Amino acid sequence: MNLAYAARRFVTLLLTVFFVILVTFFAFRIIPGNPALAILGTEATPEQIQELEAKLGTDLPLGEQFLHWIGGAAAFDFGDSLRYSEPVLDLIGARLPVTFSLALLALAITVLVAVPLGIAAARRRGKALDLIISAVTQIGLAIPSFWSGIVLVLVFGVMLKWFSVSHYVPWSENAWLSLRSLLLPAVALSIPQIAIVVRYLRTTMLEQLHLEYVRTARSKGLRPSTVYYKHVLKNALIPVVTVVGMNFGEILAGSLVIEQVFTLPGLGRLLITAIGNRDYPLVQGLVLLVASIVIFVNFVVDLSYAWLNPKIRLR
Amino acid sequence: MNSGKKITLWIGLTLVALLFVLMAVSLFYVPYGANEMNIAGRLQAPGAAHWLGTDNFGRDILSRIMEGTQTAFSVGFFSVCIGLAGGFLLGAAAGYLGRWADELLMRAVDALMAFPGILLALILVTIFKPSLGQTIIAIGILFIPSFARVIRGGFLQTKEADFVKAARGMGAGHAALIFRHIVPHILSSVIVTASLCFSAAILVEAALSYLGLGVQPPDPSWGRMLNESQAYMSKAPWYALAPGLFITLTVLGFNLLGDGIRDLRDRRA
Amino acid sequence: MLSAPTEAPPLLDIRDLRVELTTARGRWPVLEGIDLRVEPGETVGIVGESGCGKSVLSLSLLGLLPPAMRISEGEIRYEAGRLPREGEEAFRRIRGREIAMIFQDPMSSLNPALTIGEQATEMTRLHLKLTKREAREHAVSLFRKVGLPRPEALLKEYPHQLSGGMLQRVMIAIALSCAPKLLIADEPTTALDVTIQAQILELLKTIREEDGTAILLVSHDLGVIADMCDRIAVMYAGQVVEVGTAEELFDSPRHPYTQGLLQAVPTPAKKREKLLSIPGTVPALHERGAGCRFHSRCAYATERCLLSAPPVVRVSGAGGGAGAGTGAGALAATGAHAVRCWLAAEEGGLPHAAG
Amino acid sequence: MRKSFKLYPSAAKLLAVLFAATAFLSACGGNNANNNGAASPSGSNSPSAPASESASASGESASPSSGAATDSAGGKDGGQVVVVIPQDIDYLDPHLAVAAGTSEVLFNIFEGLLKPNSKGELQPAIAESYEISPDGLTYTFKLRDGVKFHNGNPVTSADVKYSYDRLAGKDTGKPLLSSFASVDTIETPDDKTVVIKLKENNTSFLTALTSAVIPKDYQDSNKKPIGTGPFKFKEYAAGQKIVLEKNPDYYVKGLPHLDQVEFRIITDAEAAYLAFKSGEIDLYPRIGTEKLAELGDEFGQQSGPQNLVQELVLNNAKKPFDDIRVRQAINYAIDKDEIIQGVALGQGLKVGSHLSSVLKQYYQEGLEDLYKTDVEKAKSLLAEAGYKDGLNITISVPSVYPFHVNTAQVIAQQLEKAGIKAKIESVEWAVWLDRIYKGRDYESTIIAFDGKLNPYDILNKFLSDAPNDFFNYKNPEYDKTLKSALTEVDETKRADLYKKAQTILAQDAAAVFIQDIYASVAYKKNLAGYQLYPIYVQDLSTLYWEK
């Protein structure tokens, strides 16, 4: 039953990805814009353009191009970027670490900040601290992350000069500088996520606090902090992890916008440039990749939720 | 506890009402024309003549913010309408027909929902080409799955309820059943979703316009203003603060409103 | 004014305890005028239908009352020291180390996300300052003692992997791990099936005999109580209505409620006979009037029962001085058989001062 | 581009101003965001440029940019510089590269037989000297001694022949650069001599010889380009950066000063500005005027007019702009000064036709105020044309250029006063190129044109049969005038013909010629030796850090 469910979900997801790609492929080719022109600029002669089109293969019939692309994609060959004449996979591979470390850092910040806040709110439910936290999280949900990004840049990058604002340093080069270059965007990205997790964690904590094992733990004379952080948190986190997992897609998508604010050489900027250039293989590759990652993460989280639940939860 | 939850509702209502009034006023009166330029008086700091200062063309920021409420509200309203209409068709069909229709439609909805919103909006808006109308359509499409899910859930719940069965037993037609009996029962969930989607619409529009893909000049849009203000960040920080603040306030207002209504409903239930 | 049969101070001495529940509509007494003593090594049972406040009483002893409830009057003494009414820190020093507690449903009382070993060792590591390794060894020896198979392997398992009976043994082992002087067992067998029930009760008996641990056994099942306890307190609607030794209560129950409870106990003799159950239900908090709280279900109720609260009457007792006992003392007096009933007062029990 | 036109023998003097290495619309290449300032301005010979120029006697000067070379003492050398550029490059292969943004980078790696200096004058580079036959058909170049490729091999005539044959498309039949279409043969009598024979005279041919010389038979130009320039290619990360390092064997003594230069690609102007302010970027070419004003004294800066003409382009073939009265009315309605003040913050020079005053020799003065702002006149012209009750038009602007978008907003305001309602339509750059520039499907648009020192190459866009006449401008008289200018030997007469062509454009109100947008560059205070060029290049060889 579980296996059948998983299989059915998986097939659905494959179809989703295929559908997204189909739409992306044809829609982008129907709208105006010519990759050859975008590459060569205004000074190109019609001959130069034709020649480049022939070289790029964008002069072939659409169906043929699609079959060709799908055929390649099935073998993990996503073709060459029209703009950079490099394999799409290489380009994506070079940018993926940026977006990924940004998303992971944002995730880490989210967890580090949201967990104590959520617990504090649950412990002090109804008290001033709880109200303040809940007000702040409401605001956190409402602030557009690119705006908080702009403000962070202004304050920390330009006025205080504490952080790098454009120069991305890869982890491999210098972990500390890399962290510094990603910290501000990660903070901007994590603000709404923190708000979501705090609110969710507070609710699940409160649900957990009614459960009997909490009373048992207290009856053992444990310190309140042990009770909250060890006993309750571990249980409350299970649903929270699910929420975070589900939101991973949103973080990833949010990083697409934030990269623009902080000019990080990540997938988002690659995608926006690729759209501007009508770099079809690159756009398709990126959309396919992002869609696959998000959908796959959701799929895994979804399954783990269904699977973990009966085992971990009693009843 | 009780009053605490009501405060949410009241703050939300107040914020939304204030913004609504601001929008209503802007239809008839703005201090200066939103597009009226005064090159000599560019980038003035907030003061008596211009409460929120002026932008790089010497346009009054307050006037632009006020007219921006029209953009924000129309994006919110119309995209929610599109989402609601589409979501109602899908959700009602799935919930009312059940079985394979339900399975099929809900798989589609799941698929759409699994896709990050802003990315979808980005692709849609590129395909449709950037402008106010197309932005609304793109965002509206984004909301269809959320509404479909809520409406389907409501249908499934109420379809089996006694009063619906009774009505069916008394020979009520499909349309009558849906509109007279089921719809009123799912109304509150739909209102909550609408309210939350409204604020989401404003956020997405702001993000798209900020990326230069949404509403285009000279239409005053808060996101667009943020985009333009970035060039004058250190010289005229108020320019970037005002639109950001209004986006936040509007989103906050509708979020609180939605939460408040939900709390109210939950307590009644 | 009361003479205790033993020289040492009682292990636990509850005096005139009142617990209130605060709601939006006001404050309601959940427990009222509770007097109860537990001597070292003694097993005291608290019996009553659900909703009569047994669990609240046991929770109040360790400061585990829900946030909306608080002790508003009276005091609890432990080894002659007074326990605080609230305050997490003060209770923490007693919980687990001095007074341990086991609960009704072992499956929900253990943390589903932590291993058995983690839950079995954290208390000894905290209170007895054992090292991780010592704590594990200690836990293993306790697991053996409570009759758990393959104790080492158990440490690594999660609660959902064990059966209810095993879990309750684990709970008991954990509760005993700091060698507490008092074990509060709140319906320890209710959630278990009958054969397991007997085993657990056997285990509790062994513990009492081997370790000399005093046990406060809370149960709605008079049969369980009878089997285990030296003395029994019967609770009804937030009050102790009758207290006495097991023999006294079983041989000569004075309160109509106690009598009703006894008739409801299935015994081999009554097999096939229709069990008599008490008609009606325990009155809710806001339904408790000025008179006897049992009057609505009592076959002997008179107008007086409705109008004024019955006195506490001592019907016999080791300390048995005539007229002894205020309300606060009579029911608590160890060894005394006392009852809160107009009927007993009229029948020539030892009248309460107020009566 | 046009491939066949009649040419007369040209004098060597011509060179001073003929230059076509990088010729683009201002909008060129960049497909991404950019400065608030000009779309893609080229440098100009700014009066404040610190670099000195050697007197450029046409054929024989020692080095293309020797100014800084002579005084290069030991203290100047070393260090590295990070330069921000707004877009990625299209090809590393200099013969394939078309985009302006690429040429400005490759300028530091490659050289041709000739090379422009910062005044736009052509100087011998790989060639040491040259002669042109009186009939203008035979060019004889003598190569300089000691010029080496970055791989260490000396440059021979065979390399030159290979490179220019490749550009002329000798193998494929399709020239890579249209200027080479007129090449008949390239001969190499010896290692140091190159003789180029043309099929027909072409006054603009010499400028084509600034095209890069690459090693013979070298196939990896697009991966690891090898040239002869002051810097050699080190590393390219697509969309991120291009790193060059010092060419220690550069034939100009003492140049370059820097050990390494990095072109960092930051497509977002705001981010580039922040990076510059925070000190991560050392040199910010084409910084927006707004930003420049904001920088203050902490940074060094230069700015001046350049060869970049911004226009409101009107589709002459489309209603209502097919009516000259409408075009004139719009010209009257627009206040160029307000645009210069409001959008360029004064950093622009009013123009009256399709040529910048940078080309003094050919510039027709007095056209700037041919249509002095006059709302009433605009209204009456409109009424004459049958638009008494107003007119609705659409201005399509490439959304990647905030400068043009801002201009559109100001213009819309101005037109409204004359009863013209202008709707602004933002289009993506890719769409602009495809639909507007190539497809000519638009009413009006705003763009800037730049980058050439040869007036013919600038003005030929308006020729009726020009493939890029997206103005849809057709005027036989203009065609005749411009074509005769190309073949006119006499300098003065030729200049007059170019001036006449400008006047025709202005009188026909072919477009609204707004301004030559200043080029501005900002750099760290202790960075010296920067030279503004009137073309789209960055010459980093003369940069050095002040100690």
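Where a number appears in this text, it was derived from the coordinates with a stated rule and is not lab data. These numbers were taken from a predicted model, which means no experiment stands behind them. Cβ coordinates were reconstructed from backbone atoms using ideal geometry, including for glycine residues, and neighbour counts include every protein chain displayed.
The alpha-carbon of residue D:360 sits under 18 angstrom from the alpha-carbons of these lysines, leaving out residues fewer than 8 places away in its chain: D:13, D:119, D:350, D:452, D:493, D:499, D:500. Database remark: amide H of residue D:397 closer than 5 angstrom to the amide H of D:425, D:426, D:427 (H placed geometrically; neighbours at sequence offset of 5 or more, or on other chains; Pro and chain starts carry no H).
In order along the range D:454-467, the phi-based Karplus estimate (6.51 cos²θ - 1.76 cosθ + 1.60, θ = phi - 60°) of 3J(HN,Hα) comes to 9, x, 4, 5, 8, 7, 5, 4, 8, 5, 3, 9, 5, x Hz; Gly and Pro are listed as x. Taking 22 Å as the straight-line reach from the Cα of residue A:55, the lysines in range (excluding those fewer than 8 positions away in the same chain) are D:170, D:174, D:223, D:224, D:438. Between the C-alpha center of the range D:496-547 and that of the range A:170-207 there is a gap of 46 Å. Legend: helices of chain A (whole DSSP H runs) are marked when their alpha-carbon atoms reach 27 angstrom or more along the helix axis and their mean Kyte-Doolittle hydropathy is at least 1.6; marked are A:2-30, A:88-123. Here the Karplus curve 6.51 cos²θ - 1.76 cosθ + 1.60, taken at θ = phi - 60°, turns the phi angles of the range C:219-236 into couplings of 7, 8, 9, 5, x, 4, 4, 4, 5, 9, 9, 6, 10, 9, 10, 9, 10, 8 Hz, with x standing for Gly and Pro.
Each residue of the range B:57-72 was assigned a 3J(HN,Hα) from its phi angle through the Karplus curve 6.51 cos²θ - 1.76 cosθ + 1.60 (θ = phi - 60°); the sequence is 9, x, 7, 6, 5, 4, 4, 5, 4, 4, 5, x, 4, 4, 4, 4 Hz, with glycine and proline shown as x. Extent along the principal axes, Cα only, for chain C: 64, 49, 46 Å, with the longest axis given first. Any idea what angle helix B:237-268 forms with the longest principal axis of chain B, computed on alpha-carbon atoms, 0 to 90 degrees, nearest 10? Rounded to the nearest ten degrees, it is 20. Note on the range A:3-74: semi-axes of the ellipsoid equivalent to its C-alpha gyration tensor, largest first and rounded to whole Å, are 36, 12, 9.
In what sequence, highest mean first, do A:283-295, C:243-255 appear when ranked by Cβ atoms within 10 angstrom?
The peptides rank, most packed first, as A:283-295, C:243-255.
Short to long, the 5 Å bins of the Cα pair-distance histogram for chain B hold 1, 6, 11, 14, 15, 14, 12, 9, 7, 4, 3, 2, 1, 0, 0, 0 percent of all pairs. The Cα atoms of the range A:95-314 define a convex hull whose projected area, averaged across directions, is 14.4 nm². Under a 5 Å amide H cut-off, with hydrogens placed 1.01 Å from N, residue C:101 pairs with C:96, C:184 among residues at least 5 apart or on other chains. Calculate I(q)/I(0) for the range D:308-517 by the Debye formula, one identical point scatterer on each C-alpha and no solvent, and give its log10 at q = 0.10, 0.11 Å⁻¹ to two decimals. With one equal scatterer per Cα and no solvent, log10 I(q)/I(0) is -0.39, -0.48. Packing, as the average of other Cβ atoms within 10 Å across residues, places the peptides C:213-219, D:147-153 in the order C:213-219, D:147-153, highest first. Ignoring lysines fewer than eight residues from residue D:524 along the same chain, the ones with Cα atoms less than 19 angstrom from its Cα are A:161, D:76, D:277, D:291, D:547. Answer rounded, prolate or oblate for the range D:103-209, using the Cα gyration tensor with square roots of eigenvalues a ≥ b ≥ c: rounded when a/c is under 1.5, else prolate when a/b is larger than b/c, else oblate. Verdict is rounded for the range D:103-209.
Taking square-rooted eigenvalues a ≥ b ≥ c of the alpha carbon gyration tensor, is the range D:118-175 rounded, prolate or oblate, where a/c under 1.5 means rounded and, failing that, a/b exceeding b/c means prolate? It is oblate, given that a/c is not under 1.5 and a/b is not larger than b/c. For residue C:144, the shell of other residues with beta-carbons less than 12 Å away shows a net charge of +1, using +1 for Lys and Arg and -1 for Asp and Glu.
What do you get for the angle between helix C:194-211 and the principal long axis of chain C? Use alpha-carbon atoms, 0 to 90 degrees, nearest ten. The angle comes out at about 90 degrees. Take the Cα coordinates of the range C:114-178, assign each an equal point scatterer, and use the Debye formula without solvent to give log10 I(q)/I(0) at q = 0.13, 0.15 Å⁻¹. Debye intensities relative to I(0), on a log10 scale: -0.27, -0.36. For the protein assembly as shown, count all C-alpha to C-alpha pairs, find those more than 57 Å apart, and express that count as a whole percent of the total. Here the long-distance tail beyond 57 Å is 40 percent of all Cα pairs in the protein assembly as shown. When the alpha carbon gyration tensor of chain D is reduced to an equivalent ellipsoid, its three semi-axes come out at 38, 28, 19 angstrom, largest first.
Proximity of backbone amide H atoms, modeled 1.01 Å from N, is registered between residue C:43 and C:215, C:230, C:231 at under 5 Å, excluding neighbours fewer than 5 places apart on the same chain.
With K and R counted +1 and D and E -1, the other residues having a Cβ less than 9 Å from that of residue D:546 yield a net charge of +3. Relative to the dominant Cα principal axis of chain B, helix B:132-159 is inclined by about 30°. As a rough guide to protection, the peptides A:3-15, C:94-106, D:458-470 ranked by mean Cβ packing within 10 Å, highest first, stand as C:94-106, D:458-470, A:3-15.
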